[in-house]
Amino acid sequence: MRVYKPEWRCTFSVNEGMEETGGWRERLAWFIRSLADRLDGSGRTIKIDYDVTPHISREEVDNCLGKGFAVTQSLLTQLAHQAACENVMREAKAELFEEHPQRCVTYSDFPRPIRPFSVWGVLRQTPENKKVQNRR
């Protein structure tokens, strides 16, 4: 019986700038891209390189890229929401976001009791807790 083994390969890279080993054409292309970014005033130019074997159609690649950018937009929206919430908290409770917070209180900051005690012993002393204690 013959065993069939599927074989595939996919390389994908996203570049935001020229590679160090780029030639004059690549340098010119990135210069034009940066010029276009400055003219637009917003956004970023990225270059996507991919190599998929076996070949898949351009439409399928575009569909995958569209889904990836939809996920990216969702993540950016979540980050914007979190940043907006943090900004509101910074205005409402600025002391929580101080650069140099006060020293944290540690166990050694509290005086030691004269004799050991238990929390249950303290609870047994209150009249409200006697009913709870009797149920146990």
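Every number in this text was worked out from the coordinates using simple rules, so none of it is lab data. All figures in this text were calculated on a predicted structure; none of them were measured in a lab. Quick reminder, even Gly has a Cβ in these numbers, built from the backbone with ideal geometry, and neighbours come from all protein chains shown.
Numbers below:
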| read-out | value |
| --- | --- |
| Efficiency of FRET between Ser13 and Glu86 - r from beta-carbon atoms, R0 41 angstrom, step 0.05 | 0.80 |
| Ascending count of other beta-carbon atoms within 10 Å, so fewest first, for Leu65, Leu79, Leu39 | Leu39, Leu79, Leu65 |
| P(r) tail fraction, segment 1-76 - alpha-carbon pairs more than 20 Å apart, % | 53 percent |
